[in-house]
Amino acid sequence: MTVDVRRLALTGLLRFAFVLGLLAATLAPAAAQDISAALAKLTSDGYADTVEAIGDLAASGNPRAATIVQAIADKTLEFDAATKTVAIRDGGKVIDAATGAEIAAPPSGLTPVRVNNRVRGAISAAMGALTLMSPDPAKRRDAAEAVFKSRDQAALATLDAAIAKEGEATIREALREARAAVILTRPEASETDRVAATSVVRERGDQDAVALLRSLPSDTPKRVLDAAAAAAKSIETTLALWSGAQNALYGLSLGSVLLLAAIGLAITFGVMGIINMAHGELVMLGAYTTFVVQEVIRAHAPSLFGWSLAIALPLAFLVSGAVGVLIERIVIRFLYGRPLETLLATWGISLALQQAVRSIFGANNREVGAPSWMSGSLDLGPLTLTTGRMWIMVFSAMVFVGLLLVLKKTPAGLQMRAVTQNRSMASAMGIRTPWVDALTFGLGCGIAGIAGVALSQIDNVSPNLGQGYIIDSFMVVVFGGVGNLWGTLVGALTLGVVNKFLEPVAGAVLGKILVLVFIILFIQKRPRGLFALKGRAVEA
């Protein structure tokens, strides 16, 4: 009896193994046939067949599917209609698409599979489905985004498996959003599931989510449409608030740039009443000083590149300040009290400085690199602010505070303020006003050079760099109050924010024109600006 039982068990095992072998032999050719059929469709050279073939490849589960679909996207997948050969061209090699083996004697009639927008959409959907289970987190995230945009119904089962397996919270959320997009556009899904999907899409909270919620077909059940409309409206309200915050933040960033460009002009104009049309070129000299410093560091001490801006700051101050003192001693001191002649003279100096820089450095833009600590960006919700802009905002605040301390806490600052309030009385008290004028002009020009160091990080370094800031600088000084640093600060930040709020509505050019018209009307009512200096009327 025991022998019979063993015999029966052994016979059963042999039969089971035989059945498994038959199944394996049957299924393997079937899988190969599936991918072969898909590849055969690619040889028809028709867009519809190509789209169908891509769908078949995505559903096949074949390990070669992702490579083949990517080759279509890269336009390296080729076919020969006569021999039904489908191959991937990899440099000088021709690889069989189905097996991955190199073809020793490829057909001479291989031509690339054609791609249009419809095929690209199918590729995007297929690659999303094929990479949802990738071991690379970045690829899984990209795949989830691709499925969210394509709403590929065939990816639903893969999404469920990917969500169950996913260990990273952010990627799991992206997968949930992709699944919600598929469910929301799936007519077979229940109303309850589709309404629940609108909540998940609403949590995404971006323009892609709004586009999905607003694009549902008219035959969608009313309950789902109402939920989608409410979710879209909620997202749009939130986005409008974030847009306002973004404009305010970018306006402050622009205002900090205007403050840097205008603060030196505020000192010069406030103390001496000089309309310095060469102020922008002194900013330009600071930017070119930064370029020269970086070129020297690249050639002789590359390890110091991270300190290049710190090295360039004092040098830019000295170069622009020295040029400013030279201009004041040679030209401007002979033109006090003659504003028109001063304007024309400084305009001529600006042209001369531009031409001198063109002769030395050429007319082309020069590259000024950003140190590693100024690279990258900071995300604040849906807002992104570059690290360079943030450092410029901090730097502007430091320059402003430092200049206030110089004017308030040093003997030179005391003399500058005395000359500003009453030049005749200051002269009678023994203050050498000509030297105060030279010192003040040099200080304002030196600060312009420092501004050039900062602007070299966000603008093209060229001979025309200063021309883009001179008009804005004058507007800031006049609007805030001539010679008043606090007025310059408020004026710069106000004009920066107003410009950024006007640009989306009126455009950059019209927005700037509107600001200029506003300032013209404003100074008709307040000729001395927002914060007029007390005591200047004594000299009127």
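The values are calculated or read from the model by the stated rules, or taken from the named source; none is laboratory data. Note that the structure is a prediction, hence the values are computed from the model and not measured. Cβ coordinates were reconstructed from backbone atoms using ideal geometry, including for glycine residues, and neighbour counts include every protein chain displayed. We work out accessible area using only protein heavy atoms, side chains counted, and drop any ligands, DNA or RNA first. Shrake-Rupley method; radii C 1.70, N 1.55, O 1.52, S 1.80 Å.
Here are a few things to note about the model shown:
- Taken per residue, the accessible surface of segment 116-253 reaches 49 Å², heavy atoms only and a 1.4 Å probe.
- Charge context of residue 268, other residues only, Cβ under 10 angstrom, K/R +1, D/E -1: -2
- Taking θ as phi - 60° and the Karplus parameters 6.51, -1.76 and 1.60, the scalar couplings of segment 162-178 work out to 5, 5, 5, 8, 5, x, 8, 4, 5, 6, 4, 5, 5, 5, 5, 5, 4 Hz in sequence order, x denoting glycine and proline.
- Residue 359 accessible area, 1.4 Å probe, all protein chains in place, Å² to nearest 10: 90
- Answer label, with Cα Rg over 2.2 N^0.38 Å calculated from the coordinates and candidates [x] 1.46; [y] 0.99; [z] 1.24: [x]
- Anchor residue 409: lysines whose Cα lies under 18 Å away (excluding residues fewer than 8 positions away in-chain): none
- Rounded FRET efficiency, nearest 0.05, which uses the C-beta distance separating residue 322 from residue 367 and R0 of 35 Å: 0.85
- Relative to the longest principal axis of the Cα atoms of the chain, the long axis of helix 308-330 lies at roughly 30 degrees.
- The listed peptides 475-481, 146-152, 382-388, ordered by packing as a protection proxy, come out as 475-481, 146-152, 382-388 (highest mean of other Cβ atoms within 10 Å first).
- Taking the chain and dividing mean pair separation by its residue count, relative contact order in percent (alpha carbons under 8 Å, at least six apart): 15
- Reported to the nearest whole Å, the Cα centre-to-centre distance from segment 112-162 to segment 79-107 is 25.
- Couplings 3J(HN,Hα) for segment 408-425, derived from phi with the Karplus relation 6.51 cos²θ - 1.76 cosθ + 1.60 (θ = phi - 60°), are 9, 10, 10, x, 4, x, 4, 5, 4, 5, 5, 5, 4, 7, 7, 4, 5, 5 Hz, where x marks Gly and Pro.
- Here the simple spin-label model places points 7 Å from the Cα toward Cβ, and for residue 355 and residue 341 these points are separated by 2.2 nm.
- Compared with the dominant Cα axis of the chain, that is its longest principal axis, helix 47-60 is turned about 70°.
- Cross-link pairs exceeding 30 Å between alpha carbons, from the set 233/500; 222/500; 75/139; 41/93: 222/500.
- 222 nm mean residue ellipticity, helices alone, for the chain (DSSP H n ≥ 4; -39,500 (n - 2.57); rounded to 500): -24000 deg cm²/dmol
- Karplus (6.51, -1.76, 1.60) ³J(HN,Hα), θ = phi - 60°, over segment 134-150, in Hz, Gly and Pro reported as x: 5, x, 7, x, 5, 5, 5, 5, 4, 5, 4, 5, 5, 5, 4, 7, 8
- Proximal charge balance of residue 460 [Cβ under 10 Å; K/R count +1, D/E count -1]: -1
- Normalised contact order of segment 399-540, rounded percent, pairs of Cα under 8 Å and 6 or more residues apart: 25
- Cβ-based charge dipole, the chain, positive-most Cα from 39, 103, 250: 250
- Counting Lys and Arg as +1 and Asp and Glu as -1 over every other residue whose Cβ lies under 14 Å from the Cβ of residue 84, the net charge comes to -4.
- Set of segment 434-463 residues, backbone N closer than 14 Å to the point 7 Å along the Cα-Cβ line of residue 410: 436-448
- Between the residues 148, 209, 185, the greatest Cα displacement towards the positive end of the dipole of the chain, with unit charges on the Cβ of Lys, Arg, Asp and Glu, is found for 209.
- Estimated dipole of the chain in Debye, rounded to 20 [Cβ of Lys and Arg +1, of Asp and Glu -1, Cα centre]: 1740
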